[in-house]
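Working notes, beginning with the structure itself.
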Amino acid sequence: MLGVRDQVPGNSTRVDLYVMTLEYVPWCREGGSMMDHGETERQQEERDRAWLREKGQLRERPFSSTLPLLGPLIVRFRSLWNGVATKWYVRPLIQQQNEFNALLIQRLGDLEAQVVPQIIEQDREQTRLARETAELGLQISQLNRLLRTLEERLARLEEEAGAEDD
């Protein structure tokens, strides 16, 4: 199971990165349980959409350091340097990625709205076809029994007709 990467190794900007794949849908992380107890399917879907919207946003994170004496100095220097690098390079990329993520999430919702009714209709059609197939199978079985009965009667009649000719 993939996890959310909080920081790209070697990246001094410390930007949260999220790779949106189906493996990130919350119920997949919860052991495959589609819904919490007492939660309707619609509530679960809305919770998943909210989760996607939240994780689809890249955010800058402040620097921190655990060094006792030099830590604050390091944080200050990196913050100043990051301000220069981030302002002109990283922030436009973050904005572009956030816009793309939002558009992608919206498009996924639109596709779901189109596909779900089609799936429901296909399921109904498949159920109807399965019922018709079962009915046809029953009719074929009945016709085969009738055919065997007729063949047996024909054989008896032919035997009787052959016995009378002798």
Q: Could you tell me which of I120, G109, Q97 has its Cα farthest along the dipole of the range 59-166 towards the positive end, charges placed at Cβ (Lys, Arg +1; Asp, Glu -1), taken about the Cα centre?
A: Q97
Q. Between T66 and W81, what is the label-to-label distance in nm when each label sits 7 Å out along the Cα-to-Cβ direction?
A. 2.1
Q: Report P(r) for the range 22-138: all Cα-Cα distances, bin width 10 Å, range 0 to the bin holding the largest distance, values in whole percent.
A: 11, 22, 22, 20, 13, 5, 4, 3, 0
Q. Hey, with R₀ at 25 Å, roughly what FRET efficiency would Q95 and V115 work out to, going by the Cβ-Cβ distance, to 0.05?
A. 0.25
Q.
Cut-off is 10 Å between beta-carbons; in what order do R153, R47 appear when sorted fewest neighbours first?
A. R153, R47
**Q.** Förster radius 25 Å - calculated FRET efficiency between Q139 and E159, Cβ distance, rounded to 0.05
**A.** 0.25
**Q.** Hz values of 3J(HN,Hα) by residue in the range 45-62 - Karplus curve (6.51, -1.76, 1.60), Gly and Pro given as x
**A.** 4, 5, 5, 5, 5, 4, 4, 4, 4, 5, 6, x, 9, 7, 9, 6, 10, x
Q) Using a simple charge model, +1 on the beta-carbon of Lys and Arg, -1 on the beta-carbon of Asp and Glu, nothing else, what dipole does the range 22-138 show about its Cα centre, in debye to the nearest 20? A) 1140
Q. Using 0.36 nm per residue, how much length does the chain from Q126 to Q106 gain when fully extended, once their Cα-Cα distance is taken away?
A. 4.2 nm
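Values quoted throughout were computed directly from the atomic coordinates according to the rules given, and no laboratory measurement underlies them. Not measured: the values here are computed from a predicted model. Using ideal geometry, Cβ is built from the backbone for each residue, glycine included, and neighbour counts are taken over all protein chains shown.
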